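J.: Handing you this structure, nothing more for now.
The values are calculated or read from the model by the stated rules, or taken from the named source; none is laboratory data. This one's a predicted model, so the numbers in the text were calculated from it and none came from an experiment. Quick reminder, even Gly has a Cβ in these numbers, built from the backbone with ideal geometry, and neighbours come from all protein chains shown.
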Amino acid sequence: MHRRLLGPGAQAVTAVGYGGMHLSIEGRPPEEQSLRVLRAALDAGVTLIDTADVYCLDQHDIGHNERLIAQALAGWGGDRSGVTVATKGGVVRPAGRWDSDARPEQLRAGCERSLRALGVDRLDLYQLHAPDPRMPLADSVGELARLREAGKLRWIGLSNVSLLQVREAQRITPITSVQNRLNPFFRESLGGGVVAYCAEQGIGFLAYSPTGGGRLTRTLPAHPVLTPIARRLGVSAHAVVLAWALAQSPTVIVIPSARTVEHALDSVGAADLVLGPDDLAAIDAGEFSRA
């Protein structure tokens, strides 16, 4: 599968990774099915798995997705050293809510929990899940830098950030990756300059919800722009959208989620799908309603 650099000084990973969230939140599949999905993605060559300590039902279930990934890797026959696991800290799940808490002490405790859940001595990529509006970004990023200096993590990433926030974080510590939403329905990272800046800096841009997410993803097969492209190329509309996201920049890496083996393997196939200029222009100009 085609590979792209995760970021400055980091290793190359597959252009299509796997996002684990939907294996652990509400509506999650049975554990055995989840393990089959993860191992099918690994068997297909995926070398980047994205997770977070809060991919779970609530605060009592914290670390569910990380433990699931650790279990999948432990029972997999491939080379674990070639797989990068990216996790996150800075969000909490009281009563099932998604609340920001990026205080240094919370990040430090979260890092330790993630190390235990994943069963490793050092995290590959630890990402600030989201800036905390009650906390200076410098305090949160500064703690990630200290955790890196202590050998707890290898690379630092950001998520749900603006261009100004990326630049601010870079003044504190090297930033390997930025994880923001990117799909035809939501293009704020294109308009706001984050994708272009990541390309300029060689920072990996991890596109989450690359097919829209939830009900928006389910509209893709009947979309009037995507349907003829998918039919002509003999692929799914979902694969077309992933290829569109990858075409936005050479540093974009998509991390689609999947609850079934079929959907996971369909996403993997998008890594080598190249859309022509006319197809890209049609998607750029197409109407992707969020209604």
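J.: Give me the pairs, please: first residue somewhere in region 44-68 and basic (Lys, Arg), second residue anywhere and modelled with pLDDT of 95 or more and crowded, with 18+ Cβ neighbours inside 10 Å, beta-carbon distance under 7 Å, and either six or more positions apart or on two chains.
T.: 67/117
J.: Pull up region 1-36, narrow it to residues that are under 16 Å from residue 87 (Cα atoms) and either hydrophobic (A, V, I, L, M, F, W, C) or free of Cβ contacts under 8 Å to residues at least 12 places away in the same chain (or both), then point me to the one that is surrounded by the most Cβ atoms within 10 Å (Cβ to Cβ).
T.: Residue satisfying both the conditions and the ranking: 13.
J.: Please go through region 48-74 and give me each residue that is crowded, with 22+ Cβ neighbours inside 10 Å and of a type in the set (S, T, N, Q), ordered by number.
T.: 51, 65
J.: Only one of 250, 174 is touching a residue at least 60 places away in the same chain (Cβ under 8 Å), over 16 Å from residue 14 (Cβ atoms) and not polar (S, T, N, Q). Can you tell me which?
T.: Just one listed residue meets the conditions, 174.
J.: Same structure again: Quick one: residue 136 ticks every box in (1) in contact (Cβ under 8 Å) with a residue 12 or more places away in the chain; (2) within 18 Å of residue 92 (Cα to Cα); (3) over 21 Å from the mean Cα position of the chain (by Cα) bar one, so which box is it?
T.: (1)
J.: Only residues that are closer than 16 Å to residue 246 by Cβ, small (Gly, Ala, Ser) and either surrounded by fewer than 19 Cβ atoms within 10 Å (Cβ to Cβ) or more than 13 Å from the chain's Cα centre (by Cα) (or both): list them for region 166-211, please.
T.: Listed by number, the residues that qualify are 189, 196, 199.
J.: Restricting the search to region 1-34, which residues are closer than 23 Å to residue 97 by Cα and either hydrophobic (A, V, I, L, M, F, W, C) or in a loop (DSSP other than H, G, I, E, B) (or both)?
T.: 20, 21, 23, 24, 25, 26, 27, 28, 29, 30, listed by residue number.
J.: Okay, moving on. Can you go through 249, 267 and tell me which one is under 20 Å from the mean Cα position of the chain (by Cα) and more than 24 Å from residue 200 (Cα to Cα)?
T.: Matching residue, one of 249, 267: 267.
J.: May I pose another question? From the list 195, 252, 240, pick out the single residue that is among the aliphatic types (A, V, I, L, M) and touching a Gly at 6+ places or on another chain (Cβ under 9 Å).
T.: After ruling out the rest, the residue left standing is 252.
J.: Now a separate question. Can you pull out the helices (runs of 4 or more DSSP H) entirely within region 191-237 that have at least 2 residues that are closer than 19 Å to residue 268 by Cβ and either touching a helix residue (DSSP H, G or I) at 6+ places or on another chain (Cβ under 6 Å) or modelled with pLDDT of 95 or more (or both)?
T.: 226-233
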